[in-house]
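Notes follow once the structure below has been shown.
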Amino acid sequence: MHLAFLPGIFAFLSLLFAASTRAGAVPRAHITPDRSKWGDYDIHTDYEHTWPDTGVVREYWLTIENTTLAADGILRPVLAFNGTMPGPTISADWGDTVIVHLKNNLAHNGTGIHFHGLRQLYNNAFDGVPGVTECPLAPGDTKTYTWRATQYGTSWYHSHLSLQYSEGASGAIVVRGPSSSDWDEDLGPLVISDWYHVPLFTQYAQAKRSGPSTADNALINGTNVFGAGGKRCETPLQKGKRYLLRLVNAATDNHFKVSLDHHKFTVVAADFVPIVPVEVDWLDMAIGQRYDVVITASDPEDAAAYWFRAVAQEDCSFQRNIADVRGIFHYASSSAVPTTTAHPDPGDRCLDTPSSLLVPVVSRSPPRPADLVPKPLAVALTRSSTNLISWTVNTTPLHVSWSEPYTPANASSTYPLTLGEWQYVIVTTPLNISHPIHLHGHDFMVIGTGDGEYNPDTAVLTWENPARRDVATMPALGWMLIAWQADNAGRWLLHCHIAFHVSMGFGVVFDEGEDEKGLDMDGQGTCRRWRQWVGNGTVYEQEDSGV
């Protein structure tokens, strides 16, 4: 070896050692008995303004592809990341930088990745919404997404192009950080999703006329039984330990109520917001919502095995297999089939776990205007002259252009916001259908929800440290008042997370800061290659809202 190379090699090794040291510095909190601590930070650190500078980069390579899988024993074509459902878990420590390289190996479709719930502070170009923040990736193309883990907790990533995530294109995100309750071991994510034996792209034409298709089954971490086929998701426990469990509802249409027989959930986070610990038997989970819970493995019935239940709520969900979406939590090496009974039934409903129970650890309260006049978002259902369904917000269905990422000139529904100002938005519906409302780029505050028409004189509103999250349920025949500060320049989508509904137009775009963004929306040439691919003749044209 030529001696001139040695200084460079020594420098590289020293950088590698330094990076390894930084990577290990913060996670030392993992082995301390007090989970509220995280290195020099803790559960009370205001993560909207402060986060660790770890210097660590976590890098992932994902390929989305057409393949066939038998998630519940029924073989069908799917769209999957790296050939699995769910896709590989993206994990990092609080403060890390995450780089995700996406390759599109789909035969005839564009694609992209949205990292659900991530604030993406001044990083709008990597929010991953075709027609809003990017063009789709053409088949054969690649894109690199880069973001900083300024929040911690549990979430998921998914394609945001039409109904692609309903065909399997999603996976979990875990950002390790402090916890408001102690635990011994992290069980990782438990992703719950409804499942259709006939691909939804095949069913979409009919859904446009008659409404959402009925799911044949639901999966827990990509598996379940159906008839004599498939298998249960199984989770081992050791008696006496406390476990952190990360719950994700990644469904297309189904609102689930979840529980573990004879065990209580101590809820420590709702979406990406750490909360004051609260015990519950059942958790309502709207589409897109996540809960971090601690369970104490006490084997209370000396039963060796217990049912984990995910019950689709018939009040708002279309599901054929309501009674048998179950996983098994077993103690030691038991392979027994559970015979345990469920917690008392709280009733079928499509509402959130009460906001009064979800008290954020880091307190934040919005300014209370003397004369509040919230921005109205009135939701309605319409039919065209050819009897096709559209969802509208303020009479307009969302429709973006994949080839021209969102600008005010070509978006069907846009609301400019002044950077720094507080926003008060009321979403209303006269229809007997509840909706999980998701806002990109922010956690919003749930000031209040109610039945019937909103009346400011009688509405019960919470102004002191209200629940914060990025998905909340607007009740059927009712309203929801939310608030957030427009402190994150970019183009941020607000939409119903029932995939059929947003596909049929239920969404708006908030243009936050307008000319102050200073963003390069196509620094990697994705749009140029997409337009070239479209110009060569596509197999499938855009036939929905685009998102």
**Asked** Given a 1.4 Å probe, how much area per residue of the chain is accessible, in Å²?
**Response** 39 Å²
**Request:** For G83, list long-range residues whose amide hydrogen, built 1.01 Å from N in the peptide plane, is under 5 Å from its own amide hydrogen.
**Result:** E65
**Request:** Under 1.5 on a/c is rounded, so check that first for the stretch 442-547, then, if it is not, pick prolate when a/b is larger than b/c and oblate when it is not; a ≥ b ≥ c are the square roots of the alpha carbon gyration tensor eigenvalues.
**Result:** oblate
**Item:** Lys/Arg +1, Asp/Glu -1 at C-beta; the stretch 243-298 dipole; positive extreme among F256, I287, P274
**Value:** P274
**Request:** Take the Cα of D315, step 7 Å along the line toward its Cβ, and report every residue of the stretch 428-453 whose backbone nitrogen sits under 17 Å from that point.
**Result:** 429-437, 449-453
**For the chain, cysteines whose Cβ has no other cysteine Cβ within reach (under 4.7 Å)** = C233, C496
**Request:** Using a/c under 1.5 as the rounded threshold, could you call the stretch 253-337 rounded, prolate or oblate? The axes a ≥ b ≥ c are square roots of the C-alpha gyration tensor eigenvalues, and prolate needs a/b larger than b/c, oblate otherwise.
**Result:** oblate
**Complete:** Per its Cα gyration tensor (rounded if a/c is under 1.5, else prolate when a/b beats b/c, else oblate), the stretch 125-263 is best filed as oblate
**Complete:** Rounded to whole Å, √(5λ) for the Cα gyration tensor eigenvalues of the chain, largest first, gives 32, 30, 27
**Distance-filtered residues of the stretch 170-188 - backbone nitrogen under 12 Å, label point 7 angstrom along Q238 Cα→Cβ** = 184-186
**Request:** With label points built 7 Å along Cα→Cβ from the Cα atoms of D34 and R368, find their separation and express it in nm.
**Result:** 3.4 nm
**Message:** For the pair T458/Y540, report the inter-label distance in nm, with labels modelled 7 Å from Cα in the Cβ direction.
**Reply:** 4.8 nm
**Fill in**
Per the rule of 0.36 nm per residue minus the C-alpha distance, extending D324 to W422 adds in nm 30.8 nm
**Message:** Going through the cross-link list K231/K257; K208/K375; K208/K257; K103/K264, which pairs have a Cα-Cα distance over 31 Å in this structure?
**Reply:** K103/K264
**Fill in**
Taking only protein heavy atoms and a 1.4 Å probe, the highest-to-lowest accessible-area order of T458, T392, T68, T63 is T458, T68, T63, T392
**Message:** Under 8 Å for C-alpha pairs, at least 6 residues apart: give me the relative contact order for the chain, rounded to a whole percent.
**Reply:** 15 percent
**Request:** Check every DSSP H run in the chain and write down those whose alpha carbon atoms cover 27 angstrom or more along the long axis and whose mean Kyte-Doolittle hydropathy is 1.0 or greater.
**Result:** 6-25
**Share of pairwise Cα separations in the stretch 238-287, more than 12 Å, in percent** = 69 percent
**Message:** I'd like the carbon and sulfur percentage of the solvent accessible area for the stretch 253-402, probe radius 1.4 Å, heavy atoms only, ligands and nucleic acids excluded.
**Reply:** 54 percent
**Item:** Per-pair calculated FRET efficiency, R0 = 22 Å: Y122 and N465 via Cβ, rounded to 0.05
**Value:** 0.25
**Complete:** Env charge @ E464, Cβ radius under 14 Å, K,R +1 / D,E -1, value +3
**Message:** With θ taken as phi - 60° and the coefficients 6.51, -1.76 and 1.60, list the Karplus ³J(HN,Hα) couplings across the stretch 75-82 in order, rounded to whole Hz; mark glycine and proline as x.
**Reply:** 6, 7, x, 9, 10, 9, 8, 6
**Simple spin-label estimate for H197 and T50 in nanometres, 7 Å along Cα-Cβ** = 5.6 nm
**Complete:** Calculated from DSSP helices alone, with each H run of at least 4 adding -39500 (n - 2.57) and the total divided by the residues of the chain, [θ]222 nm to the nearest 500 comes to -2500 deg cm²/dmol
**Complete:** Lys and Arg at +1, Asp and Glu at -1: neighbours of D141 with Cβ under 13 Å from its Cβ sum to +3
**Environment charge at W195 (Cβ cut-off 11 Å; Lys +1, Arg +1, Asp -1, Glu -1)** = -3
**Length gained when the stretch T341-W61 is fully extended (0.36 nm per residue, less Cα-Cα span)** = 96.6 nm
**Asked** For T396 and R528, what is the calculated FRET efficiency with R₀ set at 30 Å and r taken between the beta-carbons, to the nearest 0.05?
**Response** 0.50
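The values are calculated or read from the model by the stated rules, or taken from the named source; none is laboratory data. Here the structure is a predicted model, which is why all the values come from computation and not from measurement. Note: ideal-geometry Cβ built from the backbone for every residue, glycine included; neighbour counts use all protein chains shown. These area figures cover heavy atoms from the full protein model, side chains too; ligands, DNA and RNA do not enter into them. Shrake-Rupley method; radii C 1.70, N 1.55, O 1.52, S 1.80 Å.
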